Amino acid sequence: MSADLTKTNQREQRIKNNTQLKMFFFAFAMALQITSLNSGSNGNCYYIANESDAILIDTGISCKETEKRMCGLGLSMQKVKAIFISHEHTDHIKGLPVIAAKYNLPVFITKGTYHKSGLSIAPKAINWLKPGDSVYVGELCITSFFKQHDAEDPQSFVVAYKGINVGVFTDIGVCCEKLVSHFKICHAAFLESNYDETMLENGRYPLFLKNRIRGGKGHLSNTQALEIFTTHRPPFMSHLLLAHLSKDNNDPQMVQRLFETQAKQTKIIVASRYAATSLYTITHPFIPIPVVAARPVQMQLF
Ligand SMILES: [Zn+2]
Ligand SMILES: [Zn+2]
């Protein structure tokens, strides 16, 4: 090979490497990172972030435990810029007063939820959430919408960032049109899969509680969640995190198996009642993150 040709090859290789590097950072800048810090009737807390800002949806575990679990994932509370509350049940607000005060965080909550909660938050921290409105936290866009649940003013959320959507859909009595329309746009979703119908029916709960859970204002069963997933999943949904599983009336391994049979390209994760999940990176499907051994990227793509 002549010296000139070698130089040309080296220059081309440098351009390719440079392009791959650029593409990596571009893709990274177009990603959301998500984790469930805890999920279930003993506490719910979901973390969603882009490269510069993070939010917590619900703060149902203690401030100390939230910090510990975030630290275990290499996450910092300093990046968290706001808290969003879905409804006033204890498993969604237990840690709120301490964590909001300690980090001086704005809390987005509906008037109905706040007044029913009995909480006392510094007035300057409170931001009234109006269902259907979109709130911006940096470049994260958070939209809330009403859901069926036995609470004062319960809300689901979709977090959007540069065309990537992540939904938080737990504590839902029954699927509705709004849930379907939002689920259909999600690249990742936390979806409640609370109970197995047979386990609930044959379980130790008193009848009034069984009826509260399955009565249309309680929780989604595995069957209902699977129906939502298989009927309304968009082709670009990369991650489904099954959430708020009952300790008494469900089995995480069974849920994992049930959804994996229908998963296709979607990664199925069952969120735990006792620990954080891994941290997942959600990217736009048309901007894949190249790995080190990726094929050279052609210049005309940019
Ligand atoms: Zn709950
Ligand atoms: Zn609830």
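The values are calculated or read from the model by the stated rules, or taken from the named source; none is laboratory data. Bear in mind the structure is a predicted one, so any value in this text is a computation, not a measurement. When we count neighbours, we look across all protein chains shown, and the Cβ atoms used for this are built from the backbone with ideal geometry, even at glycine. We work out accessible area using only protein heavy atoms, side chains counted, and drop any ligands, DNA or RNA first. Shrake-Rupley method; radii C 1.70, N 1.55, O 1.52, S 1.80 Å.
Below is a table of values for the structure above.
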read-out: Pair list, Cβ under 9 Å, 6 or more apart: region 34-51 residue under 18 Å from Ala82 (Cα atoms) and open to solvent by 10 Å² or more (accessible area, probe 1.4 Å), other residue in a strand (DSSP E or B) and more than 9 Å from ligand 1 (Cβ to nearest atom); value: Glu51/Ala31; Glu51/Gln33
read-out: Single match in Asn222, Asn202 (criterion: open to solvent by less than 60 Å² (accessible area, probe 1.4 Å) and at pLDDT 95 or above); value: Asn222
read-out: Residue match in region 163-171 (condition: free of Cβ contacts under 8 Å to residues at least 60 places away in the same chain and over 23 Å from Ala54 (Cα atoms)); value: no
read-out: Unique match (being within 16 Å of ligand 2 (Cβ to nearest atom), under 18 Å from Ala49 (Cα atoms) and either among the charged types (D, E, K, R) or in contact (Cβ under 8 Å) with a residue 12 or more places away in the chain (or both)) among Phe146, Phe157; value: Phe157
read-out: Scan of region 52-89 for residues that are in a loop (DSSP other than H, G, I, E, B), away from ligand 2 (no atom under 15 Å from the Cβ) and small (Gly, Ala, Ser), ordered by number; value: Ser52, Ser62, Gly74, Ser76
read-out: Residue within region 221-241 that is closer than 19 Å to His92 by Cα, of a type outside the set (A, V, I, L, M) and within 18 Å of the chain's Cα centre (by Cα) present; value: no
read-out: Subset of region 225-246 (residues that are within 16 Å of ligand 1 (Cβ to nearest atom) and outside any loop (DSSP other than H, G, I, E, B)); value: Ala225, Leu241, Leu242, Ala243
read-out: Flag if Phe169 is touching a Gly at 6+ places or on another chain (Cβ under 9 Å) and not charged (D, E, K, R); value: no
read-out: Count - residues of region 90-117 that are of a type in the set (S, T, N, Q), away from ligand 2 (no atom under 16 Å from the Cβ) and out of contact with any helix residue (DSSP H, G or I) (no Cβ under 8 Å at 6 or more places or on another chain); value: 0
read-out: Test: residue in region 199-211 that is within 16 Å of ligand 2 (Cβ to nearest atom) and in contact (Cβ under 8 Å) with a residue 60 or more places away in the chain; value: no
read-out: Filtered residues of region 257-267 (kept if in a helix (DSSP H, G or I) and open to solvent by 50 Å² or more (accessible area, probe 1.4 Å)); value: Arg257, Leu258, Glu260
read-out: Single unsatisfied condition, Gly216 versus (1) away from ligand 2 (no atom under 16 Å from the Cβ); (2) open to solvent by 10 Å² or more (accessible area, probe 1.4 Å); (3) in a loop (DSSP other than H, G, I, E, B); value: (1)
read-out: Residue ranges of strands (runs of 3 or more DSSP E) in region 90-185 with at least 1 members open to solvent by less than 20 Å² (accessible area, probe 1.4 Å) and closer than 21 Å to Thr35 by Cβ; value: 107-109, 134-137, 140-146, 155-161, 164-169
